[in-house]
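To start, the structure under review is shown below, and the notes come after it.
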C-alpha cells in the first residue's frame, strides 16, 4: 500500500520537443509495485501546452483543476475542465493546452506501466 | 476519444455485502475501447464505507474530494483526503470509510479492465 499526497510528489519540468510550460509528477508507477498501470500528473501553466503527437498506447485522463483544450486528430479544440474524464485511444493525435490566463491546468494521465 | 464530465456519468448504488451508503460511476472502461484499464468513481456518503476485503487485482486511487480513512491489513485506519493517491496492491485487505459528518468522500478507483 502506498499513500502519497500530490503536493509531496517531486515535480519535473517536461523537457520534450513541442511541450511548453509543463511539469510532470509520477505519484504511482511500477517503482511502487503497480502491476499494470502508472499514474502521472501534468501541470500546464497558463500559455503552456503538451506536444501535439500520437503514440501506440492510450491516455486515461482526469482533470483535477483548471480549464483547457484538448486538440483532436482534426486539430479541433475541445474544451475540458475540472471533473472531466478523457480517454485518448492508442495512435490518436492529441494535445492539451491551458486556456486560462490565471490558473494552471492539472490532470492525471494514466498509461500502461511500460510507458512510464 | 471520449470526454465525459463526472456529473454526466450514471450513478449506481453499490449493492454488495459489506458496503454501506456507497455509489459507483464508470466514466471510462473497456466499453469505451479502453485497452488496459478502467476508471470507476466511488462516492461514499457520511457514515458509509466500502467492503473490508481483498481481491487478486490492485486499486489505483485518487481522492477527488472529501476526507476518509483507508483501513489496512492490520485494521489500522490511515487518514486520506482530497489530493491523495493510493496504491492498494493485489490481495491486500482494504476498506474506505467516510470520516466526515457532512461531505461525501469521492475517489477514482482504477482497476484492470477485466474486473470492471
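Scan (1) modelled with pLDDT of 95 or more; (2) farther than 23 Å from residue B:70 by Cβ; (3) more than 8 Å from chain B (Cβ to nearest Cβ) for the single condition residue A:58 breaks and write down its number.
(3)
Just to be sure before I move on: is residue A:36 crowded, with 17+ Cβ neighbours inside 10 Å and touching a residue at least 60 places away in the same chain (Cβ under 8 Å) in the structure I sent? Break it down into steps so the answer makes sense when it comes.
Values: crowded, with 17+ Cβ neighbours inside 10 Å: yes; touching a residue at least 60 places away in the same chain (Cβ under 8 Å): yes.
Yes; evaluated as a whole, the condition is true for this residue.
Suppose we keep only residues that are within 11 Å of chain B (Cβ to nearest Cβ) and not in a loop (DSSP other than H, G, I, E, B) within segment A:71-84. Which one would you say is farthest from residue B:5 (Cα to Cα)? Break it down stepwise before answering.
Initially, segment A:71-84 is screened for residues within 11 Å of chain B (Cβ to nearest Cβ), giving A:71-74, A:76, A:78-84.
From the residues that got through so far, the ones that are not in a loop (DSSP other than H, G, I, E, B) too are A:71, A:78-81, A:84.
Numbers: A:71: 17, A:78: 13, A:79: 11, A:80: 9, A:81: 8, A:84: 4 Å.
It comes out as A:71.
On the given criteria, is residue B:52 more than 11 Å from chain A (Cβ to nearest Cβ) and in contact with a strand residue (DSSP E or B) (Cβ under 7 Å, 6 or more places away or on another chain)?
Numbers: more than 11 Å from chain A (Cβ to nearest Cβ): yes; in contact with a strand residue (DSSP E or B) (Cβ under 7 Å, 6 or more places away or on another chain): yes.
Here the answer is yes, as residue B:52 does meet what is asked.
Might you check whether a residue that is in a loop (DSSP other than H, G, I, E, B), at pLDDT 95 or above and within 8 Å of another protein chain (Cβ to nearest Cβ) occurs anywhere in segment B:97-114?
no
Which numbered condition in (1) in a strand (DSSP E or B); (2) farther than 24 Å from residue B:84 by Cα is the only one that residue A:87 fails?
Of the numbered conditions (1) in a strand (DSSP E or B); (2) farther than 24 Å from residue B:84 by Cα, the odd one out for residue A:87 is (2).
Restricting the search to segment B:8-33, which residues are in contact (Cβ under 8 Å) with a residue 24 or more places away in the chain, touching a strand residue (DSSP E or B) at 6+ places or on another chain (Cβ under 6 Å) and within 30 Å of residue A:90 (Cβ to Cβ)?
Within segment B:8-33, B:9, B:11, B:26, B:28, B:29, B:32 meet the criteria.
The values are calculated or read from the model by the stated rules, or taken from the named source; none is laboratory data. Keep in mind that this is a model prediction, so the values were computed, not measured. All Cβ positions, glycine included, derive from the backbone under ideal geometry; neighbour counts span all protein chains shown.
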